[in-house]
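The values are calculated or read from the model by the stated rules, or taken from the named source; none is laboratory data. Just so we're clear, the structure is a prediction, and the values are computed from it rather than from any experiment. Heads up, the Cβs are rebuilt from the backbone with ideal geometry, glycines too, and the neighbour counts pull from every protein chain shown. All accessible areas refer to the heavy atoms of the entire protein, side chains included, with ligands and DNA or RNA removed. Shrake-Rupley method; radii C 1.70, N 1.55, O 1.52, S 1.80 Å.
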Amino acid sequence: MVADDTAGSGDRSEAEKDMDLKVLASEDIEGLADGDVEMAASASEGLSPSEGPPEEAKEPRKWKWAVIFLCFYGFMASIKPGEPFITPYLLSQDKNFTREQVTNEITPVLTYSYMAVLVPAFLLTDLLRYKPVLIIQGISQVVIWLILLLGTTLIEMQFMEFFYGITMACRVAYSSYIFSLVSPVLYQRVAGYSRSSVLLGVFTSSVLGQICMSSSVSFYTLNAISLGFVSFGLLLAMCLPWPKRSLFFNQMRNQEQKELAASGATKSELDKMKPRESESSSAAPASSVSRWKDSLFVQMLLEVRNVVKRPNLRLWSLWWVFNSTGYYLVLFYVHILWNKVYPATENKNIYNGGVEAASTLLSALTSFIAGFVKIRWNIWSELVIGIITAVQAGLLILMGTTDQIWVCYLAYVLFRGFYQFLVPIATFQIASSLTRELCALVFGINTFLGTILKSIINLIFSDKRGLALDVHSQFLVYFIYFVILTVVYLVCAAVVIIRHYRNQGGAGGGADDQATATELSPVVVNSEAEPLSNGKSAKA
């Protein structure tokens, strides 16, 4: 998201350069869809420490064309002009579902589906090397728009939301795919390419949808156009090149193959002729168990527990879990709110597409600005988060109580912009103090925990099996949720600031006075020095 100037001078340390690469790659998260938090895990997942394939030096044009094609795919796959108008379509006379059905029976399925598919998608992305997961995503999108065009029953619309959850979970593959095509020295550049292509696709999609609606194009025709775009996106996914490496599974396989090749070179012809069964029967059980216990993947899982011991990492991880939950609940239900304030069945001139386009631009702008804010984040993080969360709470109560659609639109655009301002800061604060592999796991765990929390809130307040609140009451719940978060953040901010100045006064303004505000100040600069729980380095 933030195009930080990390080119730096030639005398910078290797640790600083490595940290910058991680930041730029992880900032790619906001380019996908609506600046999803879900992409954070995938962006850091792409930061494989392995060296680039040797053929990159021999065939530079090959990987360049692969990156261009993947960015073109990201642009085209983001063009779904009917997406901002799905809720008005379901509530229109074409489908004739009630607002209660859409709010309490159809929309909650999206959260449940996403929670169920997220972890398998995260693991399969690496195991299958990206392309099959992107194909699954393309198939799911085609199914979504076919159901929207042909489906008429409630259960069919619930299946539509189920496949929408699959599509969201599979987004993890795109942001990590592009890093498998190039060597680490190019991560910074390709992160910007992939982000820009998807942001441009989302913006183009929203504008195209708004133009169609303003030109009196029917909902059915708009969805048929969307089906054409997603079908073309599926075709592009099938034509994508197949990467030779990924983060965990394929890196391990490649290492084993190299070891086998090296050992095979020293074997005699007689040894090579011996059956493999006799060799593996005795050595395989013990070696496989020890290899599993000593594997980097298992050690990183054990190391994740140490994240909660670091205050700044704990703060930003909790922000990721709790604030992203509220953010996505608002995104899921805001179109229903707009339809209640300004019913599409009575007014054909709705502006959902234009509002989504404006919010996308503002999100990109605030994300960019965040990269140049000079604050000592170890002191002021809680206060900044608390103030922004308080503003978001005010915007939520405004959305939930106003009967003016343009006020509701403006509040939504600002709500998204404030959230996107904090995302690159959170990404940096987490990624700069962890190894690349740990980044993938931490972001993935944060996203999964947030999804579980969304599902619980949905089940209690939105689902038909729970309280089944109407959309205005739900936004009141979201307002209370953000107020509680604000109080917690501000109390923590007061504790941190008082403790800081008390310590500073007791030390007579020692070394702390020498610290200056930094742009997205890192928590730990040299992550190489931090060992895993068993004393091994997490760096490959």
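Mind grabbing the base-10 log of I(q)/I(0) for the range 153-218 at q = 0.25, 0.26 Å⁻¹? Debye formula, identical points on the C-alpha positions, no solvent, two decimal places. The computed values of log10 I(q)/I(0) come out as -1.02, -1.04. Taking all protein chains together and rolling a 1.4 Å probe, Ser140 ends up with roughly 10 Å² accessible.
Here, the range 62-248 is characterised by an Rg to Rh ratio of 1.00, where Rg is the alpha-carbon radius of gyration and Rh the Kirkwood radius. What FRET efficiency, computed as 1/(1 + (r/R0)^6) with R0 = 25 Å and r the Cβ-Cβ distance, is obtained for Val407 and Glu156, rounded to the nearest 0.05? Calculated transfer efficiency: 0.10. Under the criterion of Cα pairs below 8 Å and six or more residues apart, the relative contact order for the range 62-248 equals 43 percent.
Using 7 Å Cα-to-Cβ label points, what is the Arg376/Ser473 separation (nm, one decimal)? For Arg376 paired with Ser473, the spin-label model returns 4.9 nm.
With all protein chains kept in place, the per residue accessible area of the range 62-248 amounts to 36 square angstrom at a probe of 1.4 angstrom.
Fully extended, how many nm does the chain gain between Ser214 and Ala116 (0.36 nm per residue separation, minus their Cα-Cα distance)? Contour length minus Cα-Cα distance gives 31.5 nm.
Using the 1.4 Å probe convention, the accessible area of the range 306-504 works out to 37 Å² per residue with neighbouring protein chains retained.
Of the accessible area of the range 62-248, computed with a 1.4 Å probe over protein heavy atoms only, carbon and sulfur atoms account for 71 percent. What pairs from Lys340/Lys464; Lys80/Lys131; Lys309/Lys454; Lys64/Lys244; Lys95/Lys340; Lys80/Lys454 go past 23 Å between their alpha carbons? Beyond 23 Å: Lys309/Lys454; Lys80/Lys454. Separation of the range 192-218 from the range 109-153 is 21 Å, based on Cα centroids. The share of accessible area on the range 306-504 that comes from carbon and sulfur is 72 percent, using a 1.4 angstrom probe.
Of the peptides 119-131, 161-173, the order by per-residue mean of other Cβ atoms within 10 Å, starting with the highest, comes out as 161-173, 119-131.
For the set Trp406, Trp319, Trp65, solvent exposure ranked by accessible area (probe 1.4 Å, protein chains only) runs largest to smallest as Trp65, Trp406, Trp319.
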